[in-house]
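Okay, so here's the structure we're looking at.
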Amino acid sequence: MTTTTTTTATTRPAQTKKAGPWLALLAAGGFEVGYALSVNGSQGFTDLAWSAVAIVFFLFTLFFLSVALKRIDVSIGYAVWAGIGAVGAALLGPVFFDETLTPAKGFWLAVIIGGVVWLKLADSPKVSRARRAN
């Protein structure tokens with residue numbers, strides 16, 4: 001006699017459905033960082049190679065953002081996407097280009113990261129349930 005459990009079969013699709021939009025949003029944020037950096041490298045779209053890369057990153061960031069926003073509220077999704085793009089570009093700008101990252105910039109980037117984390121927490125099911133219960 002064999003017994004099978006269906007709990008893993010039923011919880012995994014639910015977890016995938018929940019994580020899928022957030023993974024798409026993270027991908028969109030990563031492509032947004034690539035887009036911002038390549039636009040900077042294109043020097044006003046005068047460098048053809050950087051311009052082509054910027055267009056590709058732009059298309060990917062829009063695609064993944066649109067996929068994510070099917071399941072995530074636009075107020076949360078857009079803020080997270082923009083935050084990832086801003087922080088990523090600010091952190092990688094000094095790596096790829098002649099930019100500086102000062103302590104003041106680092107502080108405000110930490111504020112952005114904190115805001116994005118709080119937005120995600122505010123969107124959590126526990127917080128939503130608690131608000132509806134009150």
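A short reminder: the numbers here are calculations on the coordinates, not readings from a lab. Note that the coordinates shown come from a computational prediction; the quantities given were computed from them, not determined experimentally. Using ideal geometry, Cβ is built from the backbone for each residue, glycine included, and neighbour counts are taken over all protein chains shown.
What shape does the range 21-127 take by its C-alpha gyration tensor, where a ≥ b ≥ c are the square roots of the eigenvalues and a/c under 1.5 counts as rounded, a/b above b/c as prolate, and the rest as oblate? Here the range 21-127 falls in the oblate category. Here's how it looks for ILE72: its modeled amide H is under 5 Å from none belonging to a residue 5 or more places away or on a different chain.
Using θ = phi - 60° in the Karplus curve 6.51 cos²θ - 1.76 cosθ + 1.60, the 3J(HN,Hα) couplings for the range 45-57 round to 6, 9, 8, 4, 5, 4, 5, 5, 4, 4, 5, 5, 4 Hz; x is entered for Gly and Pro.
Each peptide in 70-81, 31-42 was scored by the mean count of other Cβ atoms within 10 Å over its residues; highest first, the order is 31-42, 70-81. Ranking PRO21, PHE58, THR46 by Cα position along the charge dipole of the range 21-127, where only Lys, Arg, Asp and Glu carry charges on their C-beta atoms, puts PRO21 farthest toward the positive end. The alpha carbon gyration tensor of the range 51-98 gives principal lengths a ≥ b ≥ c with a/c of 1.5 or higher and a/b no greater than b/c, which makes the shape oblate. Rounded to the nearest 20 debye, the dipole size of the range 19-134 about its Cα centre is 800 debye, using +1 on the Cβ of Lys and Arg and -1 on the Cβ of Asp and Glu.
Gain on full extension, evaluated as 0.36 nm per residue between TRP118 and VAL95 minus their Cα-Cα distance, stands at 5.5 nm. Of the residues ALA122, GLY34, ALA110, the one whose Cα sits farthest towards the positive end of the charge dipole of the range 21-127 is ALA122 (charges of +1 on Lys and Arg Cβ, -1 on Asp and Glu Cβ, taken about the Cα centre).
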